[in-house]
Structure formats: structure tokens, C-alpha cells
């Protein structure tokens, strides 16, 4: 993706992926920020420009998603198949109540959660969250998200490959240990049940 020598292509791809993910398209926008940060650490991209492009793309994409949700969100829910369409009124009412009470937290903190990041702006629009309030927390969240993701990748760039390898090895070891313990527990449970059944049968035979 970013291994092409052209810096313009790298910046453009970064902006496009972050924008599309913020609108609601399931593309790897966060992964693009990580790669851009790593390339900034190696001198192939300029970190301040990476942060600026990522922030602008995140904020503008979220605003497009918001207005799409506000314009078409209710209509899509009402025309939805099966139980979605039948309970559209309740879903819309719940969405409005949720964003009235927790919209700011959902928009800001949702940036760091993949599924929420893709849907938060559209749902905020469909839930009729006030646009000025949405814009404020969207801008704050977008800026903080881009800075933490790309900034961390740039700072940790030299050790990322080794860290990922260590985490992967540790993760496999933990999974293997958990699987072994579970198998041992199941085996002991089976033996205990077998012994209990044998005792019951012996007791019945004696009677």
C-alpha cells in the first residue's frame, strides 16, 4: 500500500482509507495510520503531514457519515427486513435517547473501537444527535485518535516488528496453556463422573 516510492500516493492512500472508514465503509483506516506512522519513523513520510491528513480525513469522513445517517438512516431502518422494519420506531427512539445521553462519549471513545468507529457517525446522524455537539467531539476524537495511533507507531517504529513477534509468541503460548488446562479439567471431570457412575453401579449391585 505505502511501499510505492511516490510520497503523494502514500499520503493520498492514507487520506482515502481513513476518510472511507470514517464514513462507514469497512476498510483498514487504522492500519493505514499505523503504516504511515512507521514510514514516518523511517523518513519516507513526514509525521506532521501524516497527522494533518489523517485528522482532516477522519473529521470530514465522520461528518459525511453523520449527514448520511441523518438523511437516510431512519428510512433504511423502517424499510429494513423482518424484525428490523417491524420494530423500526423503537430502534429509532432508543437511538435518539442513547445519543442524547451518551452521544459525546460514543463519538469520542468509539474512535478506538473498530466496529463502533465505522458505525458511530451514521448512528449519531440517525439518532438526531445535535450536529454542533457531534462536530466538537468528532473533531476532538479524530485528532486524538490519529495522534495516538500514528504517533505511537512513529515512536515505536524501530521495535514494532520485534514487539509484534513477541506478542504473537506469548499469545500462542497463553492459548496453548489455556487449551492444555481445559483439556486436563475435562479429563478430570470425565474420570470423576466415571468413578461416580461406577460407584453407583456397585452400590446398586450390592443392594
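We did not get these values from a lab; they are worked out from the coordinates using the rules stated. These figures come from a predicted structure and were not determined experimentally. No Cβ is skipped: glycine too gets one built from the backbone with ideal geometry, and neighbour counts run over all protein chains shown.
Values for this structure:
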| read-out | value |
| --- | --- |
| Sequence of 38, 135, 45 once ranked by neighbouring C-beta atoms within 10 Å, starting from the fewest | 135, 38, 45 |
| Order of 13, 148 - criterion: other Cβ atoms within 10 Å of each residue's Cβ, fewest first | 148, 13 |
| Ordering of 126-133, 50-57 by packing [mean C-beta count within 10 Å, highest first] | 50-57, 126-133 |
| 108, 19 arranged by Cβ crowding within 10 Å, fewest neighbours leading | 108, 19 |
